[in-house]
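Have a look at the structure below before the remarks.
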């Protein structure tokens, strides 16, 4: 297994290189530029040309790419034009805010969806199954930003139960457990929206995976041997039904760090998703490039973890360690 993992990681290197070329080219083709962000609106053409030279935009695009790649390999992603700070510091300040929110959503979604999916499959076509099927369709169909706005209007504007935006109250100096409670209070609404969005697809995947397994011959054989229904469901059926969920798990893990771009903007949550939106709007190229590469690498690592999970969950999957 270790040889397989190392081999896969080595195979990721050329993929990352190709992705970096595509991302750099797309960003450079984006209309607009950040040259005027550090200048007075009344700056002369000479001052703009000097700023362009300082940022390196007067060089051919392939030279810009090579210089950017050399810096990136050293861990230097340049300075953010928007935040006037190194990109590394900007990302490090917000990434854990997204991580905290998404870890809570990740745990809630899986803890709730797996039992519900199993019950729906075992009680196929029952009222319980029909309810959760409709719930899944609702969760998948409902735009998350619209649902978030509804919750803000109902629970923040009208009932005033939860804060409208942010992660902590303005000017707050709380520490310790009081700080945890304050962050948790602000987290309730965005966590509800993200959990329901994730729950809808996870319930359907779990239900469909269990239905496929429950119709297999070995399940009927296990029942004919007199095994209890709990043993048949949770020991024999559920392990094989986990295989589709491993794929989702691989794609969910990158989301723990990448944040929820739209919802973080709606709830003004100081996470990496909101920073990404601001970087795109303000043409902060250095920050855009760093975040896009970060998301791409996370996605590749998520795929690798999914493949490893296949081998662990399904003994029929063999890895080639040659």
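Summary table below
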item: Helices (runs of 4 or more DSSP H) contained in the range 1-94 and holding at least 1 residues modelled with pLDDT under 85 and closer than 28 Å to residue 265 by Cα; result: 2-29
item: Meets criteria (farther than 28 Å from residue 236 by Cβ, modelled with pLDDT of 85 or more, crowded, with 22+ Cβ neighbours inside 10 Å and in contact with a helix residue (DSSP H, G or I) (Cβ under 7 Å, 6 or more places away or on another chain)) for residue 267; result: yes
item: Residue in the range 124-140 that is assigned to a helix (DSSP H, G or I) and more than 30 Å from residue 234 (Cβ to Cβ) present; result: no
item: Residues satisfying the stated conditions in the range 12-21, i.e. surrounded by 12 or more Cβ atoms within 10 Å (Cβ to Cβ) and closer than 13 Å to residue 301 by Cα; result: 12, 15, 16
item: Some residue of the range 238-247 being more than 30 Å from residue 57 (Cβ to Cβ), surrounded by 19 or more Cβ atoms within 10 Å (Cβ to Cβ), at pLDDT 80 or above and under 24 Å from the mean Cα position of the chain (by Cα); result: no
item: Members of the range 256-285 found to be within 9 Å of residue 98 (Cα to Cα) and in a helix (DSSP H, G or I), listed by number; result: 256, 257, 258, 264, 272, 273
item: Residues satisfying the stated conditions in the range 100-125, i.e. free of Cβ contacts under 8 Å to residues at least 40 places away in the same chain and surrounded by fewer than 18 Cβ atoms within 10 Å (Cβ to Cβ); result: 107, 111, 115, 123, 125
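Okay, residues lined up against (1) under 20 Å from the mean Cα position of the chain (by Cα); (2) more than 30 Å from residue 234 (Cα to Cα); (3) not in a helix (DSSP H, G or I):
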site: 145; (1), (2), (3): yes, yes, no
site: 154; (1), (2), (3): no, yes, no
site: 157; (1), (2), (3): no, yes, no
site: 171; (1), (2), (3): no, yes, yes
site: 182; (1), (2), (3): no, yes, no
site: 192; (1), (2), (3): yes, no, no
site: 201; (1), (2), (3): yes, no, no
site: 205; (1), (2), (3): yes, no, no
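The values are calculated or read from the model by the stated rules, or taken from the named source; none is laboratory data. Just so it is clear, the structure is predicted and the values come from calculations on it, not from any experiment. Because the Cβ atoms are built from the backbone with ideal geometry, glycine has one as well, and the counts that use them run over all protein chains shown.
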